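Right, one structure below, let's go through it.
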Amino acid sequence: MFIVEEDPEGGYWARAVGESIFTEADDLDELRKQVLDAVKCHFEDGEVPKVIRLHFVRDEIIAVSGCRETFPATTLRGNSARLATTSPARPDHTCG
């Protein structure tokens, strides 16, 4: 399995989980080709996996406005969300 993320400077990068394989490309079609080539080069004949899984990870920031205090943004990673905060939100905050 490869973890795939967008590069902040443009393009994409992919790194294998459990293997020392890393590659990058300008677009997703090229990245798929690079991953396939890297896997074929990394493994010896007969050991190349039959399927390569690409796991796309995307961070999304949601700004919260209209509150008396500014709440930290929520970061989404994969299918789970975690609140990036140094202190828990208090129930006495009012938003309007």
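Throughout, read-outs are computed from the coordinates displayed, never taken from laboratory work. On a predicted model such as this, the values are computed, not experimentally measured, just so you know. Here Cβ is always computed from backbone atoms with ideal geometry, including for glycine, and neighbour counts include all displayed protein chains.
Listing for the model above:
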quantity: Table column - 3J(HN,Hα) (Hz), segment 3-16, Karplus curve with 6.51, -1.76, 1.60, x for Gly and Pro; calculated: 8, 10, 9, 6, 7, x, 8, x, x, 9, 9, 9, 10, 6
quantity: Segment 2-56: C-alpha pair distances exceeding 18 Å, %; calculated: 26
quantity: Chain lengthening between I62 and L28 when straightened (0.36 nm per residue, less Cα-Cα); calculated: 9.7 nm
quantity: Per-residue Cβ neighbour rank within 10 angstrom, fewest leading, F2, F22; calculated: F22, F2
